1. Determine, for L407, L241, the number of other Cβ atoms within 10 Å of each Cβ, and report the residues in order from fewest to most.
2. With r defined as the distance between the Cβ atoms of V264 and I296 and R0 fixed at 30 Å, what FRET efficiency is calculated, to the nearest 0.05?
3. Would you kindly derive the ³J(HN,Hα) couplings of the range 384-390 from the backbone phi angles with the Karplus curve 6.51 cos²θ - 1.76 cosθ + 1.60 (θ = phi - 60°), listing them in order in whole Hz, with x for Gly and Pro?
4. Ranked by Cβ crowding within 10 angstrom, fewest neighbours first, how are V349, V194 ordered?
5. Here are some pairs, K101/K155; K357/K406; K113/K155; K236/K304; K155/K184; K155/K357; which of them have Cα atoms lying more than 21 Å apart in this structure?
6. D436: net charge of surrounding residues, Cβ under 12 Å, Lys/Arg +1, Asp/Glu -1, itself excluded?
7. Per residue of the range 89-105, what does 6.51 cos²θ - 1.76 cosθ + 1.60 with θ = phi - 60° give for ³J(HN,Hα)? Whole Hz please, x for Gly and Pro, Karplus curve as stated.
8. Ranked by Cβ crowding within 10 angstrom, fewest neighbours first, how are K101, K200 ordered?
Amino acid sequence: MDLNLSEEDWATFLSRTHDRELQELKQLNAYYEGEQELSYMHPELLKEIGDQIRQVVINWPQLVVDAVEERLDVEGFRYPKTDSADGELWRIWQANCMDVKSQQAHTDALAMKRSFLVTGTNAKDSTTPLVTAESALQMYADFDPATREIRAALKRYNEIDPLTAAVRDRYATLYRPDATVWFKSAGPGTWTVVDRDDHKVGTPLVAVLPNRGRLLVPGGVSELRAVLPLSDAACKMATDLMVGAEFHALPRRAAFGFAEEDFVDVNGKPLSVWSRLAGRIWSTSKTRKEDGADVIQFPAADLKNFTDTIEALARIVAALAALPPNYMGLAADDAASADAIRSREARLVKRCERKQKPFGEGYERMNRLIMRIIDGGWDPRLQQLETLWRDPATPTFAQKADATVKLVQAHVIPVEQGREDLGYTSGQLARMREMDQRALDRAMAGDYAAGYGPKPLPEEPAEPGEAAPADPLPVE
């Protein structure tokens, strides 16, 4: 099903729809960067404190996102009924610097619901289509409610004047099933076509990486949604802790029978307000007996209630985000053994594996579009393309190698699969296959030690008149 809209109307419709969501996306991005506004603080307290106390940000949102993103690494793409990753798809991946861009796309998708992959022709190299990763802050996609497929997408970006840092021009790119259209803003809400590519592919050249996509929310949900109220509470408690340290952590004094001019230093100079607050040495000629002057000291406040509250909030965040206690700076209840560490990370590992499925589908759509641009037709094998991910678990390499060797020796898996399980990259696996082939060729030529390392060098014949080397003594 498609709306009967012109290209200019599509650009206007997507712009307005994106604008309605943009404020929420900017807020999610601010939370990830630790730049959110302070919540739960009474306005009167903020007015009284002013700039004396700054907000303390405990950046748990960034920790929640990075803990998952650090375990999401693409290692290749494999066609069905093949044993190894495809070299051509990996070449195009690396030519577009997707090793780095994929990490950025994962971070944006986890923090801001989704990110995008855009494919197009490359004017500099027709054999290597251009692939870019796009932020949800600049791009928006409309999903067909009947099929939940992307039926249109729009990317908006600005040209900034380098001298004034002001917006000089506004541009947009519309992605439709049969064409990609470039616009320039002619004023508020109006667009003028400046270029187009009628590719006739039949689908927009866009793939989405949704985080926690649901049946009625194909665009995804932020990974931060459940922890933001707790993060606000922790930042508030940490800021209150600083306010308490400012006014109550130091012992307070009360002076009776003194005037303002009585607070002087040893040289008779008046003390500043802060010196009186911080408890520097005071000097006065007044006495208790003659002048009725007296100074008493109150005990310092115990701020443990703040730290206990922050720790309680940290435990709730760890449970919601599937983070091990040590990620939140908490002491675990079990011993720090290898089994205990793996047990703590079990939910986090499973959560990362759940992310690999929708993200992998986005990368597989990207590759289908890439090969459609190169070949001019759809390759049915690409419908079963598989994205290869690095294992998100963290066993020691020795443990993993030992388990892999046992599986290979028991003929449960072939050697090639064992190497892949150990995390070797596509390039390393290709070099290993070349080494195996060279060793096989040497063995077929009669060099049976080819697979066991270099053979010993033959002994040189003795010179005329020189005694031959003696045989080694037999071992008793």
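1. Details: L407 15, L241 18.
Fewest-to-most Cβ neighbours within 10 Å comes out as L407, L241.
2. Working: r = 20 Å, r/R0 = 0.67.
Calculated transfer efficiency: 0.90.
3. After applying 6.51 cos²θ - 1.76 cosθ + 1.60, I find 10, 4, 10, 8, 9, 10, 5 Hz.
4. Details: V349 16, V194 11.
Listed from fewest to most nearby Cβ atoms, that is V194, V349.
5. On the way: K101/K155 17 Å; K357/K406 29 Å; K113/K155 16 Å; K236/K304 15 Å; K155/K184 12 Å; K155/K357 25 Å.
Where the Cα-Cα span goes over 21 Å, the pairs concerned are K357/K406; K155/K357.
6. On the way: positive: R419, R431, R433, R438, R442; negative: E416, E434, D441.
So the surrounding residues net to +2.
7. Per-residue couplings from phi come out as 4, 5, 4, 5, 4, 6, 4, 9, 6, 6, 4, 8, 5, 5, 5, 5, 5 Hz.
8. Details: K101 17, K200 8.
Least to most surrounded, the residues fall as K200, K101.
Read-outs: derived from the displayed coordinates by stated rules, not from any lab. As the structure is a prediction and not an experimental result, all values here were calculated from the model. Because the Cβ atoms are built from the backbone with ideal geometry, glycine has one as well, and the counts that use them run over all protein chains shown.
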